[in-house]
There are 2 protein chains.
Amino acid sequence: MNGPDFDKCELVPVIAQDGDTGEVLMLAYMNRAAYEETLQTGRVCYFSRSRAKLWRKGEESGNYQEVQEILVDCDSDTLLVKVRQIGGAACHEGYRSCFFRRIDPATRNEAVVGQRVFDPATVYAKKRPGH
Amino acid sequence: MNGPDFDKCELVPVIAQDGDTGEVLMLAYMNRAAYEETLQTGRVCYFSRSRAKLWRKGEESGNYQEVQEILVDCDSDTLLVKVRQIGGAACHEGYRSCFFRRIDPATRNEAVVGQRVFDPATVYAKKRPGH
C-alpha cells in the first residue's frame, strides 16, 4: 500500500513544515480528494473540518503553500508536507507559524514568541472563524 | 485561556520535533492527564488511542523525549513539542522519524528516505501493534 490509508481514516492530519527553515507552520487535515488535488497541482489543498469542504490554502490570503516533499508516517495515517510558504505566513492571524505561543511549564502561562508578518485586517475582507 | 482547550477536544494532536535538528519526529495525541504529566515531569507522555491509556514514550524502548519547549497553535487545539530524543530514534520501527517514507507525486510510489537507528527486534521483546 502506498500513501495514507483513507480507508482507515477518512481525514488524516497533515503537518506543514517550511522546507527551507524547518519551522513547523501548522496542522490541518486532508481527505482523499484534498490529497489527490495536492499531488496533482503541487499546491497544498486541505479539507476544512469547520466548513466541510476543500480548503485551497491561500485562496483568499494569497499565502499559498507549494509542495516540496510529501512524507507519510509508519502507520500511514499522518502526512508531513514540506512546503515553500508564499507570503511568509501560514497563520490566519498573520504569524509565520500557527505555533506562535509558548507555554511555560511552571506557570502554564503563554507568551507570544512568533513573528507577525501581516495584519489580518488588511488581508481578509471580514473576520472568518478558523483559517 | 492558556494551553490546549481540552473542553473543546478531549484529545489534541501533538507534533514532536527534534529541538536541535528541526526534524519532525512523530505525531501522537495527549489528553489532559498526559499534558499535565508532561509539564510536571519534563518527559513527553502521550495518550495511546489504540491502548486507551497514558503512553510514557520510551518506557519500553528507553527512547524517551525530554521537553525543550511546548507551543500551542492559534486554535488551541494542537501542540508542538520540541524535544531532545534520547536514543536518537522516535519510531518503533527504528527510524529517527516516523516520517521515513517519501511519496513521489507523479507515481504515488513510496521510497524509504529515513535513517534506521536501531533494529526493533532487539529493542522490543515482542512485536506490538502501533508504537
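The values are calculated or read from the model by the stated rules, or taken from the named source; none is laboratory data. Treat the numbers as computed from the prediction; the structure is a model and nothing was measured. With ideal geometry, Cβ positions are generated from the backbone for all residues, glycine too; neighbour counts draw on all protein chains shown. In case anyone asks, the SASA skips ligands and DNA or RNA and just uses the protein heavy atoms, side chains included. Shrake-Rupley method; radii C 1.70, N 1.55, O 1.52, S 1.80 Å.
Looking at the range B:93-114, which of the residues that are charged (D, E, K, R) and not in a strand (DSSP E or B) is farthest from the other protein chains (Cβ to nearest Cβ)?
Filtering the range B:93-114 for residues that are charged (D, E, K, R) and not in a strand (DSSP E or B), the one farthest from the other protein chains (Cβ to nearest Cβ) comes out as B:Arg96.
For residues that are more than 7 Å from chain A (Cβ to nearest Cβ) and touching a Leu at 6+ places or on another chain (Cβ under 9 Å), scanning just the range B:78-88, find the one that is farthest from A:Ala28 (Cα to Cα).
Among them, the one singled out is B:Gln85.
Going by the conditions given, is A:Gln17 open to solvent by less than 40 Å² (accessible area, probe 1.4 Å) and modelled with pLDDT of 95 or more?
yes
State the number of residues belonging to the range A:53-73 that are modelled with pLDDT of 95 or more and open to solvent by 20 Å² or more (accessible area, probe 1.4 Å).
Number of matching residues: 9.
Against the conditions (1) more than 10 Å from the chain's Cα centre (by Cα); (2) open to solvent by 20 Å² or more (accessible area, probe 1.4 Å); (3) within 14 Å of chain A (Cβ to nearest Cβ), where does B:Leu39 fall short? Just the number, please.
Only one criterion in (1) more than 10 Å from the chain's Cα centre (by Cα); (2) open to solvent by 20 Å² or more (accessible area, probe 1.4 Å); (3) within 14 Å of chain A (Cβ to nearest Cβ) is unmet by B:Leu39, namely (2).
Name the single residue that is farthest from the chain's Cα centre (by Cα) among those in the range A:82-113 being closer than 17 Å to A:Glu66 by Cα and aliphatic (A, V, I, L, M).
Looking at residues that are closer than 17 Å to A:Glu66 by Cα and aliphatic (A, V, I, L, M), I get A:Ile86.
I'd like to check something: does the range B:47-60 contain any residue that is touching a Pro at 6+ places or on another chain (Cβ under 7 Å) and either within 8 Å of another protein chain (Cβ to nearest Cβ) or more than 28 Å from A:Arg96 (Cβ to Cβ) (or both)?
Among the residues of the range B:47-60, at least one is touching a Pro at 6+ places or on another chain (Cβ under 7 Å) and either within 8 Å of another protein chain (Cβ to nearest Cβ) or more than 28 Å from A:Arg96 (Cβ to Cβ) (or both), which makes the answer yes.
Applying the selection to the range B:21-36, what residues are away from chain A (no Cβ under 11 Å), in contact with a strand residue (DSSP E or B) (Cβ under 7 Å, 6 or more places away or on another chain) and open to solvent by 10 Å² or more (accessible area, probe 1.4 Å)?
Answer for the range B:21-36, where residues must be away from chain A (no Cβ under 11 Å), in contact with a strand residue (DSSP E or B) (Cβ under 7 Å, 6 or more places away or on another chain) and open to solvent by 10 Å² or more (accessible area, probe 1.4 Å): B:Asn31, B:Ala33.
For the range B:74-90, which residues satisfy the criterion of being surrounded by fewer than 24 Cβ atoms within 10 Å (Cβ to Cβ) and not aliphatic (A, V, I, L, M)?
Of everything in the range B:74-90, those that are surrounded by fewer than 24 Cβ atoms within 10 Å (Cβ to Cβ) and not aliphatic (A, V, I, L, M) turn out to be B:Cys74, B:Asp75, B:Ser76, B:Asp77, B:Lys82, B:Arg84, B:Gly87, B:Gly88.
Quick one: which of B:Ser76, B:Ser50 is more than 16 Å from the chain's Cα centre (by Cα) and hydroxyl-bearing (Ser, Thr, Tyr)?
B:Ser76
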